[in-house]
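Notes for the one structure printed next.
Bear in mind these aren't lab numbers, they're just calculated from the coordinates by the rules spelled out. Fair warning: this is a prediction, and the values are worked out from it, not measured in the lab. A quick note on method: Cβ atoms are made from the backbone with ideal geometry, for glycine too, and the neighbour counts reach across all protein chains shown.
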Amino acid sequence: MAHTHEKYERLIARCQSLRPVPAAVAHPCDKTSLEGALDAARLGLITPTLVGPPARIAAVAEEWRLDISRCSIVDARHSQEAAEKAVALVRSGQAEILMKGSLHTDELLGAVVKRDTGLRTARRLSHCFVMDVPGHADVLVITDAAVNIAPTLEEKVDIVQNAIDMVHALGQDDVRVAILSAMETVNSKVPSTIEAAALCKMADRKQITGALVDGPLALDNAISPEAAGMKKLDSPVAGRANVLVVPDLEAGNMLAKSLSFLAGADSAGIVLGARVPIVLTSRADSVPARLASCAIAVLLANARREQAGRAVA
């Protein structure tokens, strides 16, 4: 099936009327991370500040003929210091997006979650894959498949709310959240079905807002109208979900990678719940996926700016 990336292109197009957002890029010391930041800058998505060893960044740029002449560079001796200095740029207001370069995710998020010098909020950090699946009409959000290993019910409340808020920032008003399990009925022997039922009741009580939430739902019943119809599920979400909340990281990781390697999907990645959006990409990501990750962060940063403006007014 031909993959046109039209869903990612729509996200990027939404950013064209917005001014570039300042971004701190932590340790962009390989071709993929440096080129990704420069490509996003070329499209007018971000204004990158490169944080890392200047000589090493320059060597990568020279080797791959990348033009870094317009980029500010903040000297950091190694990856851990780069993470800390990139976070400091955000805390000082010089950056509104944090981007992962060629350092381990744990190093970057370790600097983010530090109590006194990090970017904590009252929300739990969580990760969203924004999947461009060939043949699927809209982007499909999977959460959490990268940060929270075995989240509690309380942590899942933040995971769900983070995803809902992100989808609204992407310009979608109709957010339909499916809490996934292996079945669509509540079963005391399957803990994820109990938590799904609790999350739905919390949405009824406005502890979770901004979306239709239903579960437990098996994957087929969540995304296939035909499967939902065969089960005679009376639900505004079943068969039409655009956010999939997985029981744990293992399930989410397998789901996202199955879509990538068996269905040819691309997966943009973003971490939510910090003071600013965090672009989390991997070396295996395609160019459209890396650019889409930046576009999502730009839309989130713009939504935060508008929200702050309304609060002041």
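Values as computed for the structure displayed
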| item | result |
| --- | --- |
| Rounded to whole Hz, the Karplus (6.51, -1.76, 1.60) HN-Hα couplings of the range 174-191, x for glycine and proline | 8, 9, 10, 9, 9, 8, 7, 8, 8, 8, 10, 10, 6, 9, 4, 7, 10, x |
| Under 22 Å from the Cα of Lys206 - lysines, other chains or at least 8 residues apart | Lys156 |
| Label-to-label distance, nm, for residues given as Arg91 and Glu154 (7 Å Cα→Cβ offset) | 2.5 nm |
| Amide H contacts of Val175 (H built 1.01 Å from N, under 5 Å, at least 5 apart or other chain) | Leu212 |
| In order through the range 249-261: 3J(HN,Hα) via Karplus (6.51 cos²θ - 1.76 cosθ + 1.60), integer Hz, x for Gly, Pro | 4, 4, 4, x, 5, 5, 5, 4, 6, 4, 5, 5, 8 |
| Three-way shape call for the range 201-313 based on the alpha-carbon gyration tensor, with the a/c threshold at 1.5 | oblate |
| Rounded, prolate or oblate (a/c below 1.5 giving rounded, otherwise prolate when a/b exceeds b/c) for the range 1-158 by Cα gyration tensor | oblate |
| Other-chain or far-sequence residues with amide H under 5 Å of Leu119's (modelled H) | Val113, Lys114 |
| About the Cα centre, charge dipole magnitude for the chain (Lys/Arg +1, Asp/Glu -1 at Cβ), debye | 700 debye |
| Mean ellipticity per residue at 222 nm, deg cm²/dmol - from DSSP H runs of n ≥ 4 across the chain, formula -39500 (n - 2.57) | -13500 deg cm²/dmol |
| Among Ser188, Ser72, Ser235: highest mean-square fluctuation, GNM of the chain, C-alpha pairs under 10 Å | Ser188 |
| Whether the range 123-273 is rounded, prolate or oblate, judged on the alpha carbon gyration tensor where a/c under 1.5 counts as rounded | rounded |
| Under the Karplus curve 6.51 cos²θ - 1.76 cosθ + 1.60, θ = phi - 60°, whole-Hz ³J(HN,Hα) for the range 44-50, x wherever Gly or Pro sits | x, 7, 9, 10, x, 10, 8 |
| Among Asp234, Asp220, Asp138, residue whose mean-square fluctuation peaks in a GNM of the chain (springs only between Cα atoms under 10 Å) | Asp234 |
| Most mobile listed residue (Thr47, Thr117, Thr281) in the chain, GNM with C-alpha springs under 10 Å | Thr117 |
| Point-charge dipole on Cβ atoms (K/R +1, D/E -1) for the range 123-273, about Cα centre, debye to 20 | 280 debye |
| Using alpha carbons only: equivalent-ellipsoid semi-axes of the chain, gyration tensor based, whole Å | 34, 20, 18 |
